[in-house]
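Each remark here refers to the structure printed beneath this line.
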Amino acid sequence: MTDSKRPGRGEEERGYHQEGFSGTWCGISLGVVGILTAAVVVGLPMVVPAFDFEGSAGMLLAIPVWFVSGMLVGLISPHRTVLEPVVATFLVAMPTAFLLFNGQTVKMMPAFMYMLMSALGVLFSLIGSYVGERIQVGPAAHTQD
């Protein structure tokens with residue numbers, strides 16, 4: 001059977017692509033990413049003084065937080081929302097990097113490294129949102145050829 005005669009192939013492939021950008025889910029993503037980042041990077045050291053996530057340690061901790069937040073949004077969204085957590089992470093990464101750079105005392109990095117770590121965090125948010133969507137959709141259906 002040729003590709004054009006296979007039933008439902010176009011619909012199946014279309015199900016794995018994002019159809020548009022949702023401002024509502026971008027706002028929800030911004031809330032999830034912002035709250036998780038503030039809770040772990042800023043709030044946790046306030047509750048447990050032994051933790052000191054300043055400077056480079058804060059950026060190293062923010063990357064997995066952004067991955068998890070992207071995955072959470074991917075899991076709870078009813079449609080394909082892969083780009084929304086990425087935009088939200090970008091908007092949260094800028095002030096996070098600025099605050100951690102200005103607050104560094106012992107664990108110091110140059111400003112360029114904060115930019116690179118923020119970009120890596122945005123990439124991990126993309127990976128996390130894709131993983132969350134894949135978990136939500138379930139395993140791919142295997143067709144017999």
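Bear in mind that the values in this text are calculations on the coordinates, not laboratory data. Because the structure is a prediction, the values reported are computed rather than measured. Because the Cβ atoms are built from the backbone with ideal geometry, glycine has one as well, and the counts that use them run over all protein chains shown.
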Once Lys and Arg are counted +1 and Asp and Glu -1 for all other residues with Cβ under 13 Å from that of S125, the total becomes -2
Mind listing the phi-derived Karplus ³J(HN,Hα) values for the range 98-107, rounded to whole Hz, using 6.51, -1.76 and 1.60 with θ = phi - 60°, and x for any glycine or proline? 4, 5, 5, 5, 6, x, 6, 10, 9, 8
In deg cm²/dmol, rounded to the nearest 500, the helical mean residue ellipticity at 222 nm of the chain, built from -39500 (n - 2.57) for every DSSP H run of length 4 or more, is -21000 deg cm²/dmol
How big is the chain in terms of Cα radius of gyration and Dmax, in angstroms? 18.7, 66
Please list, in order along the range 25-38, the HN-Hα scalar couplings obtained from phi with the Karplus expression 6.51 cos²θ - 1.76 cosθ + 1.60 (θ = phi - 60°), rounded to whole Hz, x for Gly and Pro. 6, 5, x, 5, 4, 4, x, 5, 5, x, 5, 5, 5, 5
